[in-house]
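Student: After the structure tokens below, expect a handful of questions from me.
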Amino acid sequence: MLTDTEKAMEMIFSSDLTLVRATLNNPLLFEAAAKSSFKLIDTNKDNKISLNEFEIFLLEIEKKTYPGEKTYLNKELIEKTFKDFDYDMSGNIEFNEFKDIFKDLVTANLMGLE
């Protein structure tokens, strides 16, 4: 059975080129997909992503992207990336901040599929 983080990654890293393009080109679909992914990553359901939840998410992405390889992410890099997306410096990533992460990841996925 998939974890919530794995379900979110399946949405972000879909191999269905048509779906990936549609997600990026249709604002309503993009918003719905981003919200679904956000809710799956927000494991304690407080409507924000904590550093711990973000770390779990990034490590799962790395494991999926580079299966069986050495981990390159470290605490310092994860914290820096987290701060880069925590635009309001609240100590959490809210949904509006997460949409940029989601867009970057879906766009990278699309580039890999084309």
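The values are calculated or read from the model by the stated rules, or taken from the named source; none is laboratory data. Just so it is clear, the model here is predicted, and its values are computed rather than measured. Backbone-built Cβ (ideal geometry, glycine too); neighbour counts: all protein chains shown.
Student: Confirm whether THR107 is at pLDDT below 90, assigned to a helix (DSSP H, G or I) and buried (at least 17 other Cβ atoms within 10 Å of the Cβ).
Tutor: Working: at pLDDT below 90: yes; assigned to a helix (DSSP H, G or I): yes; buried (at least 17 other Cβ atoms within 10 Å of the Cβ): no.
So THR107 does not fit the description; no.
Student: Separate question: Out of the residues in the range 23-41 that are under 25 Å from LYS75 (Cβ atoms) and not hydroxyl-bearing (Ser, Thr, Tyr), state the one that is surrounded by the most Cβ atoms within 10 Å (Cβ to Cβ). Lay out the reasoning, then the answer.
Tutor: Residues of the range 23-41 that are under 25 Å from LYS75 (Cβ atoms), as a first pass: 37-38, 40-41.
With not hydroxyl-bearing (Ser, Thr, Tyr) added as a condition, the list becomes 38, 40-41.
Details: PHE38: 22, LEU40: 20, ILE41: 24.
Selected residue: ILE41.
Student: Of everything in the range 79-95, what is under 13 Å from the mean Cα position of the chain (by Cα) and part of a helix (DSSP H, G or I)? Give them in sequence order. Please lay out each step first, then the result.
Tutor: Of all residues in the range 79-95, those under 13 Å from the mean Cα position of the chain (by Cα) come to 81-82, 85, 93-95.
Scanning the range 79-95 gives THR81, PHE82, PHE85, PHE95.
Student: Would you call ILE101 surrounded by 12 or more Cβ atoms within 10 Å (Cβ to Cβ), under 12 Å from the mean Cα position of the chain (by Cα), in contact (Cβ under 8 Å) with a residue 40 or more places away in the chain and not in a loop (DSSP other than H, G, I, E, B)?
Tutor: On the way: surrounded by 12 or more Cβ atoms within 10 Å (Cβ to Cβ): yes; under 12 Å from the mean Cα position of the chain (by Cα): yes; in contact (Cβ under 8 Å) with a residue 40 or more places away in the chain: no; not in a loop (DSSP other than H, G, I, E, B): yes.
In short, no.
Student: On the given criteria, is SER14 assigned to a helix (DSSP H, G or I) and small (Gly, Ala, Ser)?
Tutor: Working: assigned to a helix (DSSP H, G or I): no; small (Gly, Ala, Ser): yes.
For SER14, the condition - assigned to a helix (DSSP H, G or I) and small (Gly, Ala, Ser) - is not met.
Student: Here's another thing I want to ask about it. Considering only residues that are in a helix (DSSP H, G or I) and touching a residue at least 40 places away in the same chain (Cβ under 8 Å), look in the range 42-75 and name the one that is surrounded by the fewest Cβ atoms within 10 Å (Cβ to Cβ). Let's see the steps before the verdict.
Tutor: Applying the first criterion (in a helix (DSSP H, G or I)) to the range 42-75 yields 51-65, 75.
Imposing the further condition that a residue be touching a residue at least 40 places away in the same chain (Cβ under 8 Å) reduces the set to 51, 56-57, 60-61, 64.
Numbers: LEU51: 16, ILE56: 18, PHE57: 25, GLU60: 16, ILE61: 17, LYS64: 14.
This residue is LYS64.
Student: Considering the range 76-98 alone, what residues qualify as being without any contact (Cβ under 8 Å) to a residue 40 or more places away in the chain, out of contact with any helix residue (DSSP H, G or I) (no Cβ under 7 Å at 6 or more places or on another chain), surrounded by fewer than 13 Cβ atoms within 10 Å (Cβ to Cβ) and at negative phi?
Tutor: Hits for the range 76-98 are GLU76, LEU77, LYS80, ASP84, ASP88, ASN96.
Student: Still on this structure, I have one more. Any idea which of (1) closer than 24 Å to ASN44 by Cβ; (2) of a type in the set (Val, Ile, Thr); (3) modelled with pLDDT of 85 or more is the one ILE61 doesn't satisfy?
Tutor: (3)
Student: Looking for whichever is aliphatic (A, V, I, L, M) and farther than 20 Å from THR23 by Cα here; the options are LEU105, LEU59, LEU110. Which one fits?
Tutor: Only one candidate passes the filter, namely LEU59.
Student: Can I ask one more? Please work out if ALA8 is free of Cβ contacts under 8 Å to residues at least 24 places away in the same chain, part of a helix (DSSP H, G or I), aliphatic (A, V, I, L, M) and closer than 15 Å to PHE95 by Cα.
Tutor: Numbers: free of Cβ contacts under 8 Å to residues at least 24 places away in the same chain: no; part of a helix (DSSP H, G or I): yes; aliphatic (A, V, I, L, M): yes; closer than 15 Å to PHE95 by Cα: yes.
Spelling it out, it is not the case that ALA8 is free of Cβ contacts under 8 Å to residues at least 24 places away in the same chain, part of a helix (DSSP H, G or I), aliphatic (A, V, I, L, M) and closer than 15 Å to PHE95 by Cα.
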